[in-house]
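The values are calculated or read from the model by the stated rules, or taken from the named source; none is laboratory data. In this text the structure is predicted, and so the values were computed from the model without any measurement. So basically every Cβ, Gly included, is an ideal-geometry build from the backbone, and we count neighbours across all protein chains shown. Just the protein is used for accessible areas: all its heavy atoms, side chains included, with ligands, DNA and RNA removed. Shrake-Rupley method; radii C 1.70, N 1.55, O 1.52, S 1.80 Å.
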Amino acid sequence: MTPDIDRNLKYSEAIAEAIDICMASDPSVYLIGLGVPDPKGIFGTTRGLQEKYGPLRVMDMPASENGVTGIVTGSALVGMRPIMTHQRIDFSLLALEQMVNQAAKWHYMFLGQSRVPFVIRMVVGRGWGQGPQHSQSLQALYAHIPGLKVVMPATPFDAKGLLISSVEDNNPVVFIEQRWLYDVEDAVPEGVYRVPLGEARLAREGSDISIIATSYMVLEALRAAEILSESGVSVEVVDVRTLRPLDRETIVNSVRRTRRVMVADTGWKTGGFSAEILATIAEEASDILKVRPRRLGMLDCPVPTTPALSKLCYPGAADLVMGVSEMLGVDPATLSVPEEVLNPPDVPHVNFVGPF
Amino acid sequence: MGRWSMNPELEKQLFYQMLRIRTVEEAIVTVYPEQEIRCPVHLCIGQEAIAAGACATLGKDDYVVGGHRSHGHFLAKGGSLRAMTAELYGRETGCCRGTGGSMYLVDLASGFLGATPIVASTIPIGVGSAFASLLRGEHRVSMIFFGEAAIEEGVFHESVNFAVLHKLPVVFVCENNLYSVYSPMSVRQPDAREVFEVAAGHGLESRQADGNDVVAVYHEVQDAVARARSGDGPTFLEFKTYRWLEHCGPNFDNDLGYRSQGEFQEWKKRCPVERHRRSLLERGVVGETELASLLKEIQQEVDEAFAFARSSPFPEARIPFEHIYAQ
């Protein structure tokens, strides 16, 4: 982050600003999604846009995720640059046919003649009893598909810069926002700037171990790194940012330097994106590892609604601290883990009161 | 037949388009056993009037999308015969340089946006192209071809609903050939219900006509195109027709028993190409000599296209990873 910016924005505001900038500068950009013009404006990310650009550029839609994804694809093929939103990534499953069979493939199948430049924003739910069908983190599904790009910004700075780059990208981009990031504040420059797709970010330099993290887990990794640093452990945190195309070079280079790796992903562990990262490391750097690699992901089950159980499903900073300590042979008794890290609430922050 | 009067030149043009499609499809039938066309082919023999009649109402700037059985739509919209033939042969000179084959045709210069084989999947894409026309204030029409099984897919209804909601310039052209592979209508859709009536429930102009009468097809589609272009919204047209050959491949398969030889013979008597030919001759619009020379001209073009395809190189043995993403 650039230190000389004096303006802080929330992640949700950064996204709204990126959309505004893209729409102001390119008439082919339009925004469509269930509830886009709603008073709550998709967690504040679309608030005010319909008033500014009118209902032909910022619009609601029928409950037809697959159909509208195809419609958005067709409009992109003939030159528009749509931004579609799913208020939960779980809803996007209805659109898998158009995403995977059509949008991801038209450019390649027709040998480069056709283009599908769209961005589909998807929100990962968590906490306040979201339950099994409103708290999935499905980036692994999309990252498996050639022809799609998959982006998961973890900071407001990256959210704005990556969204601008994604809208300008001539391919279908899946843009995944974890909802607990929306109120996170950060220095965000005014005006246009771009964060390139396909590049990971060194969120924190370190020398003892690399934590490779996606989305909200980057924040958990940074919290864990702070706690561990008090015991003299130097943790490097790599923010993956773009899952497809994956910046293998940055990830492998980090692991080559620290010689230890822990992966922290917001999705389920089995078959999750953590597997792709570990496979990459196994293929390209297993020879230099001092200790077996580890990964954290959601427990392999749909997340129950009651907070008594949902709290068991999400590994966080405390688990990272414990895991890294074990990998480094650090005595856990020397660590001081704050209570709110040991027992995090099931809401994004203490002021959150629901309903959703 | 004969309810509408028509410019003789246009009538001849329609015959030419149908005969051309028929000749191409029959050429594929002839060469297929040579096993050099190594992809599934879904031929439209028997259904040519719909492609020919419908596409004749469109201009170059109008959009068409199709499905697995779209050789006729592709050719009638002005797609390159050489590029299509070479694509069937998997050659570098094909419209997708071999990556697509028969079921994935494209010709952007003539407005054929694409055909892909998942049933109903290009319906929302066609609607999306019309949505773009609306957003940009253009007067293009988007025409979407599909079979009757496509209305069983949810995405059909999602697409029609959206098109009606936004009054989009779309013409939905449904070729009801009674069978989805071997499955008759009776196991797929309730009996006492017509396809076009289902569509009508969405609130758009919805009509049914004889798909083997090219003049009727032309006029129905022309009305629908005019409605679309003037901002009056989409139309659904159900054209009843019949597929002569098997669902996929160059053979007749009436001996399999899923449909009767008798039923096939009834439909064969209503061959769209033969009907129109007879009508033109009977009314003196053309003579036998002109018809013979037309056929010869078409045959020459088709022979040349196949020779071109056969003599074209295969693509280099290398996956074009650079085309996974657009730059």
When residues of segment B:95-113 are limited to those that are touching a strand residue (DSSP E or B) at 6+ places or on another chain (Cβ under 6 Å) and in a strand (DSSP E or B), the one nearest to the other protein chains (Cβ to nearest Cβ): B:L113
Residue that is modelled with the lowest pLDDT [pool: residues in segment A:108-124 that are farther than 19 Å from A:S165 by Cα and surrounded by 24 or more Cβ atoms within 10 Å (Cβ to Cβ)]: A:F110
Cβ-Cβ under 8 Å pairs, at least 6 apart or on other chains, segment A:85-105 side open to solvent by 10 Å² or more (accessible area, probe 1.4 Å), far side of a type in the set (D, E, K, R): A:F91/A:E65; A:L94/A:E65
Lone qualifier among B:S133, B:S121, B:S186, B:S159 - being within 13 Å of another protein chain (Cβ to nearest Cβ) and more than 21 Å from the chain's Cα centre (by Cα): B:S133
Unmet requirement for A:M61, which otherwise passes all of (1) in contact with a strand residue (DSSP E or B) (Cβ under 6 Å, 6 or more places away or on another chain); (2) at the interface with chain B (Cβ under 10 Å from one of its Cβ atoms); (3) buried (at least 23 other Cβ atoms within 10 Å of the Cβ); (4) over 26 Å from B:C96 (Cα atoms): (3)
Criterion violated by A:D183 - all others in (1) under 24 Å from A:L320 (Cα atoms); (2) out of contact with any Ser or Thr (no Cβ under 9 Å at 6 or more places or on another chain); (3) charged (D, E, K, R); (4) in a loop (DSSP other than H, G, I, E, B) satisfied: (2)
Hits in segment A:204-218 - residues which are of a type in the set (S, T, N, Q) and farther than 12 Å from A:I277 by Cβ: A:S207, A:S215
Criterion (more than 8 Å from chain A (Cβ to nearest Cβ), touching a residue at least 60 places away in the same chain (Cβ under 8 Å) and among the acidic types (D, E)) met by exactly one of B:E92, B:E153: B:E92
Where a residue in segment B:307-327 is farther than 28 Å from A:Q102 by Cβ and its partner, wherever it lies, is open to solvent by 90 Å² or more (accessible area, probe 1.4 Å) and at pLDDT 95 or above, with Cβ under 6 Å and at least six apart: B:F308/B:R82
Number of the condition not met by A:D331 [criteria: (1) in contact (Cβ under 8 Å) with a residue 24 or more places away in the chain; (2) of a type outside the set (A, V, I, L, M); (3) farther than 24 Å from A:T214 by Cβ]: (1)
Residue in segment A:180-200 that is closer than 20 Å to A:I83 by Cβ, of a type in the set (V, I, T) and open to solvent by 10 Å² or more (accessible area, probe 1.4 Å) present: yes
Restricting segment B:290-325 to residues that are loosely packed, with under 13 Cβ neighbours inside 10 Å and hydroxyl-bearing (S, T, Y), the residue that is nearest to the other protein chains (Cβ to nearest Cβ): B:S311
